[in-house]
Each structure stands twice: as C-alpha cells, then as structure tokens.
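See below for the structure under consideration.
The values are calculated or read from the model by the stated rules, or taken from the named source; none is laboratory data. Only a predicted model underlies this, so the values are computations on that prediction, with no experimental measurement involved. No Cβ is skipped: glycine too gets one built from the backbone with ideal geometry, and neighbour counts run over all protein chains shown. With ligands, DNA and RNA removed, areas are computed over all heavy atoms of the protein, side chains included. Shrake-Rupley method; radii C 1.70, N 1.55, O 1.52, S 1.80 Å.
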Amino acid sequence: MVARFVLGLLVAIGLLQTDALAVDATSPISARFAGSDARPSYQKHVLPLMSKVGCSGRACHGSFQGQGGFRLSLFGYDFKQDFEALLGGDEPRVNLKSPHDSLILRKPTMQEEHGGEKLFDVGSWQYNILARWIETGAKDDSADNPAIDRLEIQPTELMFKKPGETMQLRVLAHWADGAVEDVTDLTRFRTNDESVAKVDEKTGVVRAEGAGDTHIVAFYDNGVAPVAALLPVGKQAGPDYPKVAAPTKVDELIVAKLRKLGIVPSELCTDEEFLRRASLDIGGTLPSPAEIRVFKADTSSDKRTKKIDELLARPTYVAWWTTVLCDITGNNTNQLEIAGKYHEQEWSRIWYDWIYRRVAENVPYDEMMAGLVLAVSRRPEQSYEDYCAEMTSYVRSEKPADFTGNDTLPQFWGRRNMQKPEEKALVFSYTFLGVRLQCAECHKHPFDQWTQQDFQSFQAFFTGVAYKRQDRRDPVVAQMMRAVGVEPDEGKANGNNPGRRLAQAARDGKTVPFPELIARLDAVPGTKAYKELKSVKGGSRVITPKVLGGEEVVLASYADPREPLMNWMRSADNPYFARAWVNRVWQKYFGVGIIEPADDLNLANPPSNAELLNYLTQGFVASGYDMKWLHRTIATSDAYQRSRKPNATNEPDRRNFSHAMLRRLPAEVAMDALSSATAGAAELAQFHGDVKSRYIGLKTTQGGDGRGQRLYSLGIFGRPDRITTCDCERSNDPTLLQSLYLYNDAEMYKLINAGGWITDLARVERSKDFPTLVAFTRKRLAEYEKAGDNVRAEKTRAELVKMEAVRELNVADRDGLIEELYLRTVSRLPTADERARALQEVNASESTSEGMRQMLWVLLNTKEFILNH
C-alpha cells in the first residue's frame, strides 16, 4: 500500500511518467508504440527511428549535402545539429502548432510529395513515435539521458543446421543508469558475409545461406555489437568431429572453432615446406641448398622448434622485421623534411638503425613504441647550442655518431603528413592502435562507436606536439649560420639556397641550427596548429582530451601531453595497443589476420576467433611485450605448420586457419629471393649474414637505390610508399606487370646472366684446367702482398674467394646441378618426373650452363617460386 501511494504521489506531481509504469521497456518497441499514449525519447527513439528507416543515411538527408535543403547528421549521432535541423531552417520539419501537419510525418507517409519511397503508414508505431514526440513538445532530452553502456544481442550465437533456416535477433540496450530496453525495432543490422548469412534489416531475422561463419552486426545509438552466425560445413561438427591433435594452446583454440564448423584441418606440411615458409616469414630469406639438405637429414623430433629459434637469432630476422616496423611507423625519406630539410636521407637511415638495434636486442615492444610516442629532441638540461652540435654529429659524412643509443626517435613526429593535430591523431591511431579514425574526423564512424566529438577529444592530445623550426632572428641561430658562411637574411636567388648550404656544412661536420620537437600542453607558437588555434580562440568550445573509449584526461597533471596516452596504452584493459601488434604479426604469418583487415580494429569487424586473439594478447603482455615470444608461439603451432593442400571440408576456408594459404612474396622478399636463386656460389654463401646490401634491409630505406628513387622492381611487387595510414599500401596481389617482369625484363636477364651462378658454370666449362687457374691466382696474390700492393691484393683476394667457391662446381654432374637448381628456387628436391624432364632439357642443350640457364628461367617463372606456401 505504501509503495502504491508513493508511486501515485510521484505521478501526481509529475516526477514519474505514467507510461513508464504501464509499459515494460523490455517488450518490443513496435508493441509499446502501437497506441498513441507512450511517450518517446528524442535520443532513444526519434533519432534511431530516422536512422532505421534511412532518413539519416548516406543516400538521403545524412549525406554531406543533404537532400531537398534538409540535412541530418550521418546516422543521427549529432543530437544538437539534428534537433536544430528539424525545428529550424526555412522549412521546419516539425510543426508544434499542428503536429500531424509536420513534414517528418507527411513526407514519409507520402501525404506530401517525397523524393524517396513510402517509409511507414499513418497510425503505425513508427508514425506514433514521431507524432507523440511532437505532441509532447518535441524536446531534446539527449543532455539528460545517461550514455549507452552496451548492446546485448540474443541469442549470443547463431548456430544453424541447414541453409534456409532462420533465427530472430533481439537487441537490448543497457544504459549507464542500469535501465534496459528492447530496441530491436530501432536497430540497424548488417551482415559481414552474405554468402553465409543474410539479415532482414527491418526485422532482424537472420537466414542461413551457405556453410561457413560470419558476424551479424547491430547498430543502435552509439552502440555496436556483433553476433556470430555459423553453419557447419559437413556432418562432422560437434560430437561427430574426429580427434585432432592440438599440442599448443593456439591449436586448442583453433580446433575448438573448427569443431563447431565441422572443418577438419589439413595435415602438417613437409619439412622442406616448413623450412621455406618459416625462413621467408621470420627472416624474409630463402633457405640455402646446404641448409635444406641438413634439415631434411635431421631426424630429431624437435628440429622444427630448434630451427625457429635459430631463425629468430639471425640478422635476417632483425632486418626483415625492422622493415615491417618501418612500414607501420612510416619511415619515408620524402616525408622527413620537417625534422630537418635536406637531411631526409640521414633521418631515414637513423630511423631504420634505431629500430634495428631494438629488434636485435629484443627490446620489449611497449618500450620501443614509447620511444616514438614520448620522443623529444633536446634533453631538459641541454642547451640549444649543444643540441645542434649533437645533431650535427649524427649527419656528418665522416664517421657519423651513433644515434641508436638515444632513448627516443623524434623523427617519427617530423613527417610532412603529421603537422596538424588531426593528422597526428590519424597517424597515431593507425600506428599504435590499429584503428582507422578517418571517418570520425568529419562525422560519426559508420561501423564503430567513434563520433566527431571523440575524434576532436583525441586530437587534443597533439595540439602541443610539433617540430619548431629555427628562428633566424634568434641571436644564437644567427651566430651559428654566420659561422658557416650563411647570412640569416639570405634568400633563394640566382641559384643560392641557404638551406642546402647549411645541410652541406653539417655534413662537413660544422655545427648548424636544427629544428627541435616540442611537446607542451598547448599549441607551439610558430606552428600551423598555433595559428589555427589562435584564429578560432574565443569562438569555439573547449575540447577536453579523452582517450578512445576511455575517460577525460586533465593534461595539467602531466609534463608531456602524450604521457597519459602511453599510460593508457600500457594499461591492462587497453583494447587496442597490444592486440593491434599481435594481430599484425599473425597476419604476416598466415596471410589473413584474426581481425581482417589487420589495421581495422573496430566493433563491427570482430575477430574470427576472439578467444585466440585474447590468449595471444594476454600472453604477449604477460611476457613483457616480448616480440620473440610472439613469433615463437605462432610459428611452433601446428596451425602455422599445416599443409597448403586442402581436404573436402576445409577448401573454402579463408578465416579459420585450417590450412596454409598461398601468399605472394612481399616486394623486398621477392627481390632477395631472385638475388639468392641466381647468385654465384661465393655470394650465396654470404647471403644470410650480409643484410645491409639486402632488399629486406637498409637498401630500401631510401626507396631502393640510396638516392631517394624507388627501384622499379620494388614498385611492381607492391612495396608501400609509407605515406597513407593504411596497411593496404603494401600490395601482395599478383599482377600482369609482375609476370612480365619475371618473364623478360632486362633486370631479370642481368640477374640470370651477369656474374651469378650460371656465369660460374660457364666459367668452369670454358676453363680446361680450373685448378691450375686457381693456383696461378694464389701465386699472384702472394706477389702483390709481398710487394705491398694493397689495392691489387684486395681485388685479387676477393676474386680468389669466388674462384674457390666455383671450383667446387662439377659441371659433369648434371643430376646434382638440377638438384641444386630446385633447392635454390623452390627449396625442395625435384620429383622423379621433374628430374627426368630436366635432364632431357639439359642434355639437349649446347652446353650444361646453357641448359641450366633455361631451367633457371623456367623455375623463376613458376608460382611455386614467387609464392610462399
């Protein structure tokens, strides 16, 4: 009785709405608003309805230019803008005096001419929501409502039994104040793969289409939630699934998913396939013929695990994964002028060397990334003069100082495409979080929770981070310039370029002024961000920094505005930092990420195996961000070591890691593979240790040839320019140009015919007594050394090394040479049929070297060579 009295009193004084007592919020909205008594919410009902029926979609009023003079925010996420658009303008869509004459009711019901189709009927629940909102005053209640906490989808998983079967989704919105509401009727739905399951966007009914798995994604208010939809491939799913070995936790989690789908994984690959695959993925390098023979002959049960550890200890691992990190962090010579104009090549080299050292020392990933995030130019106690002297020491031509001992890499912030705060926010989120924020820069992200407000709050961290160029009016700067013969007021006239002269002076070892990276709590004077902030100061609202999906940050509590970002990324509950790197590494090994694309972590793009990604991420963090732990954990799994040959159940599988997938070699790896396959005997012996001359190493830091020009071949095979914030810049797709290059390009002709293995064979063939020639060369070397002729001695010594290697070649053993050729190119011995056909081809040639030349060209043009399998 007391409870009823209190409730009645609240209703009487207007503190509790009667419809809230009468209607269960967990019943369908279509039922609740079937009558005209329930009171709708602007945020919870009106805007979601307009999004659901398409009014605020891209093709209608949500487009950038709007439609018919009426523009809404995309999907209705800017409450204020949409409220003003509905009630204001030359032709208001809301008529408070005569609600049922409102255009938002008459146009969708086709009572008045409407450019689109009829969206609902007069008297329908949709009509009642809008009409009742207008009748009750058309209030914007968004400021009073709690934020949405999460969306709950029922059932939690859609496990279908046959094509054509349907299931109804139910979506519950959980608000921060604990309220729960059924919002199924106002939810937008999308399927991530229509070949597996389709969803009725109006009703939320899901229909199974074909075998496999995907996700159905629900969108309501600022909530995004996926639900898995699965249709087993065959009859072996669940209890009928065969016994499959799962020696590691990675395998357990993968097999658990495969069991649901009835997918039986392929057998393990052969030793030759494993060695080739692991050598390419870990070190970007083909195994040598000798290495293949030794590994094949090894009968120990743990030889694969030992080989993985051996590959991780090689300089090729360091070189290749440094290149991968330079891709992600954006080491591009042509973008580094902000860090110091005309020193771009030196900065690029320093960038590569700095990361190389940390990969070689297996510095924890978080510590390495902190060196970029929290980078500074000048130490607190360091004077500007001392700073410039130090920077000069790094770029001088003679014996440059070693920069790699520095704790941070300020050049990361010195790129031309990272000057404005919004540019920094985009690059930062891509590099460290694997999140694409481009959409949120202008409007609500269509597939994630990020709004334009979120983007602006995030970019506020970077307003005070900028490279400050030297002010030539400063007496210290002017004195430095005059000391090297450059006047501060000199201009570019008659071919004079003061900047180039200063850069050359630095290369000569003379101290010159350098720009410095500043990180402060507000915009740096003299920068673009400062000018933009000054132009709008006083007229715009204050943007409070806030981490993505987290809390607001009081920057005054920190000396560096980036410090709270690094703390957040290292926090145990951060959903992006460690996960993004784990997913990117996995993608390099399997050709597809657990989240794909690997740099697009968003709520509408869930992992194909969430338990697997969680396990690897937690293990990576628990290991102390040990990068080698991650490589080892992935490479030692049966999942990584499976054959590429599919079976009847797993042939269509592209996302559950049931078999190896064919992958085109990355550009640098492909060019190195061509170099090693065609290399002379002496060069091949040094190939695994000499990484500085390799395409996977320093050779490509400046784009390929050391002069800032990209090598034509690297461009053909998809090397990224490192300009955009997208992993898609690197293309591993096969193209016609790649086939033409391998088939008849001049560079290919040179690789095969100029100074390599084929030349070695021809040299032995031409020399009737090669051992005598070697002995003569040794004698000549001794004479040069005795005479003190160091130049000729060094040249002869190098020639002798090559001759010693060539002397081991036996051109009479054509069968042995064919084996060598197959091991050099496709990393395996030829089959009996291949051996017989190759011998026939060589025997029909005018010489052994000519026959081997033809065979080498053929093998280099096979898919087996250019693909990682």
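Some points to look at:
- Among residues of the range 660-689, those that are in contact (Cβ under 8 Å) with a residue 24 or more places away in the chain and open to solvent by 20 Å² or more (accessible area, probe 1.4 Å), counted: 12
- The one condition in (1) free of Cβ contacts under 8 Å to residues at least 60 places away in the same chain; (2) among the charged types (D, E, K, R); (3) open to solvent by 60 Å² or more (accessible area, probe 1.4 Å) that residue 733 fails to fulfil: (1)
- The range 820-861: number of residues that are surrounded by fewer than 19 Cβ atoms within 10 Å (Cβ to Cβ) and under 16 Å from residue 273 (Cα atoms): 2
- For the range 353-403, the set of residues classified as open to solvent by less than 10 Å² (accessible area, probe 1.4 Å) and of a type outside the set (Phe, Trp, Tyr) consists of 355, 359, 368, 369, 371, 372, 373, 375, 388, 392, 395, listed by residue number.
Okay, residues lined up against (1) more than 28 Å from residue 86 (Cβ to Cβ); (2) at pLDDT 95 or above; (3) assigned by TED's automatic domain parsing to the domain that holds residue 101:
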site: 142; (1), (2), (3): no, no, no
site: 159; (1), (2), (3): yes, yes, no
site: 167; (1), (2), (3): yes, yes, no
site: 172; (1), (2), (3): no, yes, no
site: 193; (1), (2), (3): yes, yes, no
site: 196; (1), (2), (3): yes, yes, no
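- With a requirement of 3 or more residues that are closer than 18 Å to residue 675 by Cα, the helices (runs of 4 or more DSSP H) lying completely within the range 786-869 that satisfy it span 790-807, 814-825, 848-860, 863-866.
- Candidate set: the range 561-587, residues that are crowded, with 19+ Cβ neighbours inside 10 Å and of a type in the set (D, E, K, R); chosen: the one farthest from the chain's Cα centre (by Cα): 562
- Where a residue in the range 413-435 is on the phi < 0 side of the Ramachandran plot and its partner, wherever it lies, is in a loop (DSSP other than H, G, I, E, B) and among the β-branched types (Val, Ile, Thr), with Cβ under 7 Å and at least six apart: 417/723; 421/463; 426/725; 427/725; 429/435; 430/725
- Unique residue being open to solvent by less than 30 Å² (accessible area, probe 1.4 Å) and either outside the structural domain of residue 92 (by TED's automatic domain parsing) or in contact with a Pro (Cβ under 7 Å, 6 or more places away or on another chain) (or both) when the list is 131, 179: 131
- Evaluation of residue 39 against (1) modelled with pLDDT under 80; (2) open to solvent by 60 Å² or more (accessible area, probe 1.4 Å); (3) closer than 21 Å to residue 185 by Cα (one fails), failing number: (1)
- Scanning the range 621-639 for residues that are among the aromatic types (Phe, Trp, Tyr) and either buried (at least 21 other Cβ atoms within 10 Å of the Cβ) or outside any helix (DSSP H, G or I) (or both) yields a single hit, 625.
- Among the residues of the range 71-99, just one is within 16 Å of residue 53 (Cβ to Cβ) and either acidic (Asp, Glu) or open to solvent by 50 Å² or more (accessible area, probe 1.4 Å) (or both), namely 82.
- Whichever residue in the range 143-154 is assigned to a loop (DSSP other than H, G, I, E, B) and open to solvent by 50 Å² or more (accessible area, probe 1.4 Å) and, among such residues, is nearest to residue 257 (Cα to Cα): 147
- Residue check for residue 336: out of contact with any Leu (no Cβ under 8 Å at 6 or more places or on another chain) and under 26 Å from residue 719 (Cα atoms): yes
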